[in-house]
Amino acid sequence: MSSVGHRDAGAIILAAGIGRRLGDSHDGPKVLLSFDGKTLLQRHLEALGEAGVGDVSITLGHRGAEIRAEVERLGQAGRVNFVENPRYTEGSLVSLWTQGELMRSGRPVLLMDGDVLYDSRMIDRLFEGAAENALLVDREIEPGDEPVKICFRGETIVDFRKKPEHAHDWHGESVGFFHFSPATAAALWDRCDDYVARGVLKVEYEEAIRDLMLAEPARFGAVDVSDLPWTEIDFEADVERARHTILPQLANR
């Protein structure tokens with residue numbers, strides 16, 4: 001897909017977390033996990049570059065100096081902005097809230113979880129979405145409470161949570177990648193700011209997105225990526241799945 005027309009978008013990569021659930025297998029930032037000689041961060045930057053996204057803003061927290069060093073090693077310092085989140089232990093909503101400068105810049109924004117190994121075509125799918133705001137859905141959802149679920153009635157999104165509250169016809173798993181219009185990016189920051197101001201911090205950033213979805217569902221649409229390989233990496237078993245199941249599919253492209 002041509003990268004023309006995507007250069008005005010900025011990308012946010014959330015990479016501030018500690019990653020405690022990986023246990024002793026990895027004690028650094030998850031974006032520095034390496035697969036076939038490339039860190040997740042390198043793969044993000046390459047995929048965004050291929051899609052024509054020139055500006056990337058990374059939220060730093062846990063051992064952020066190591067992420068800075070990786071960007072330097074990759075020769076990507078000129079296109080990457082770092083936003084420090086000294087409150088990174090308070091959760092992902094605060095990490096998104098710290099990105100207010102880009103979210104209120106009047107530009108389209110891509111929001112991406114840093115701990116995902118994925119087929120780079122997912123970035124193009126985000127831009128191809130017909131709705132003003134797009135997110136990615138995988139219909140092959142894993143069972144349990146861990147996946148964030150996108151719930152639909154027909155083609156309308158009616159809930160967006162790990163434990164949905166509203167009745168729905170079907171649901172899929174959120175990849176954790178989003179494409180927001182300038183107006184929605186600013187509105188999302190306002191929602192995050194409201195949560196922070198009220199001290200409601202024991203929620204993930206998806207809760208603020210959910211608020212906007214339920215208020216104006218017609219402005220959001222999901223793009224199906226069930227045919228593309230990907231995995232979020234939270235647990236040691238996810239690292240093994242990434243290495244032995246997902247990576248070979250990416251190598252065979």
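Before moving on, here are some points about what is shown:
- You will find that of Asp159, Asp234, Asp224, Asp238, the residue that is in contact with a Cys (Cβ under 6 Å, 6 or more places away or on another chain) and of a type outside the set (A, V, I, L, M) is Asp159 and no other.
- Taking the listed residues Glu90, Glu84, Glu72, Glu101, the one that is under 23 Å from Phe235 (Cβ atoms) and of a type in the set (Asp, Glu) is Glu90, with no other qualifying.
- Filter result for Ser226 (open to solvent by less than 30 Å² (accessible area, probe 1.4 Å) and in contact with a strand residue (DSSP E or B) (Cβ under 7 Å, 6 or more places away or on another chain)): no
- Of all residues in the stretch 3-10, one or more are closer than 22 Å to Tyr118 by Cα, open to solvent by 50 Å² or more (accessible area, probe 1.4 Å) and at pLDDT below 95.
- Qualifying positions in the stretch 219-253 - touching a residue at least 40 places away in the same chain (Cβ under 8 Å) and assigned to a helix (DSSP H, G or I): Arg219, Glu236, Val239, Ala242, Arg243, Ile246, Leu247, Gln249, Leu250, Ala251
- Within the stretch 55-76, being open to solvent by 40 Å² or more (accessible area, probe 1.4 Å) and under 17 Å from the mean Cα position of the chain (by Cα) holds for one residue alone: Asp55.
- So Gly129, is it modelled with pLDDT under 95, over 21 Å from Gly28 (Cα atoms) and open to solvent by 60 Å² or more (accessible area, probe 1.4 Å): no
- Residues of the stretch 159-201 that are outside any helix (DSSP H, G or I), open to solvent by 40 Å² or more (accessible area, probe 1.4 Å) and acidic (Asp, Glu): Glu165, Asp169.
- Of the residues examined, Asp211 is not one that is of a type outside the set (A, V, I, L, M, F, W, C) and either crowded, with 21+ Cβ neighbours inside 10 Å or in contact (Cβ under 8 Å) with a residue 40 or more places away in the chain (or both).
- Qualifying residues in the stretch 47-58 (those that are in a loop (DSSP other than H, G, I, E, B) and among the hydrophobic types (A, V, I, L, M, F, W, C)) - the one farthest from Ile12 (Cα to Cα): Ala51
- Pairing each residue of the stretch 77-95 that is closer than 22 Å to Gly10 by Cα and open to solvent by 70 Å² or more (accessible area, probe 1.4 Å) with any residue that is part of a loop (DSSP other than H, G, I, E, B) and of a type in the set (Gly, Ala, Ser), provided the two are 6+ apart or on different chains, yields no C-beta distance under 6 Å.
- Among the residues of the stretch 108-124, not one is over 21 Å from Gln249 (Cα atoms), open to solvent by 10 Å² or more (accessible area, probe 1.4 Å) and under 11 Å from the mean Cα position of the chain (by Cα).
The values are calculated or read from the model by the stated rules, or taken from the named source; none is laboratory data. Since the structure is predicted, the reported quantities are computational estimates derived from the model, not experimental observations. Positions of Cβ are backbone-derived with ideal geometry, glycine not excepted, and every protein chain shown enters the neighbour counts. Side chains are part of the model used for accessible areas, which takes the heavy atoms of the whole protein and leaves out ligands, DNA and RNA. Shrake-Rupley method; radii C 1.70, N 1.55, O 1.52, S 1.80 Å.
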